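J.: Got a structure here, written out as structure tokens. Questions coming.
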Amino acid sequence: MEKAGSSALSVLGAKVKRGAGRTVDLTYQITIHAPVARIYDALTTEAGLKGRWTPEVVMSRRIGGAVILSFETGARHLRMIVERLELFSLVQWQCDGGTELDWIGTTLSFALTPSDDRSVRLVLKHAGWRASSGTLPACGNTWDELLPALKDYTEIEKSFLTANISQQT
């Protein structure tokens, strides 16, 4: 069994779709030892997103609503539209705006599958990246940090932002 705080992130692959507008889909998997409701809330509430992604969040929990994530006091931001919410099993957003132009048009799907051992398998698919995108590697690095942060946040119920702040004081 993995201990809280260990990453155990699996990169399941990058699938390139052929054709004139070639795109890349990034897929990641991580096992989290926390109740599925806690993980779902971390993906669908302002408090959850603030606890593991950025302290600057405006969040809607309805289909068609916006999720706005700001960074560097608003100098950079992403605007997502909530496309699907299936209680305790799926969260899907479409990026439709922001300063990170390569994200626009991509889709993020977080699929949650509970196991008998009281863990949850989370599969993130970040789909629709232009194959020529120069920021694709940076996005991969972002998920390499954010998914383990989600795991830590939900398993040990302590925000990585709070932990970083307390270490600096």
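Every read-out reported here was derived from the displayed coordinates using simple, explicitly stated rules and does not represent laboratory data. It should be emphasised that the depicted structure is a prediction, and the values quoted were computed from it without experimental measurement. Cβ: placed from backbone, ideal geometry, glycine included. Neighbour counts: every protein chain shown.
J.: Return, ordered by residue number, the residues of the range 125-151 whose backbone nitrogen is under 11 Å from a label point located 7 Å along Cα→Cβ of residue 72.
T.: none
J.: Between residue 113 and residue 56, take the C-beta separation as r, use R0 = 41 Å, and let me know the FRET efficiency to the nearest 0.05.
T.: Values: r = 30 Å, r/R0 = 0.74.
With a Förster radius of 41 Å, E is 0.85.
J.: Please give the length that would be gained between residue 121 and residue 145 if that part of the chain were fully extended, namely 0.36 nm times their separation in residues minus their C-alpha to C-alpha distance (nm, one decimal). Could the numbers behind the result be given before it?
T.: Working: separation 24, 0.36 × 24 = 8.64 nm, distance 1.71 nm.
So the chain would gain 6.9 nm between residue 121 and residue 145.
J.: While we're on this one: Measure off 7 Å from each Cα along the Cα-to-Cβ vector at residue 22 and residue 37, then give the distance between these two points in nanometres to one decimal.
T.: It is 4.7 nm.
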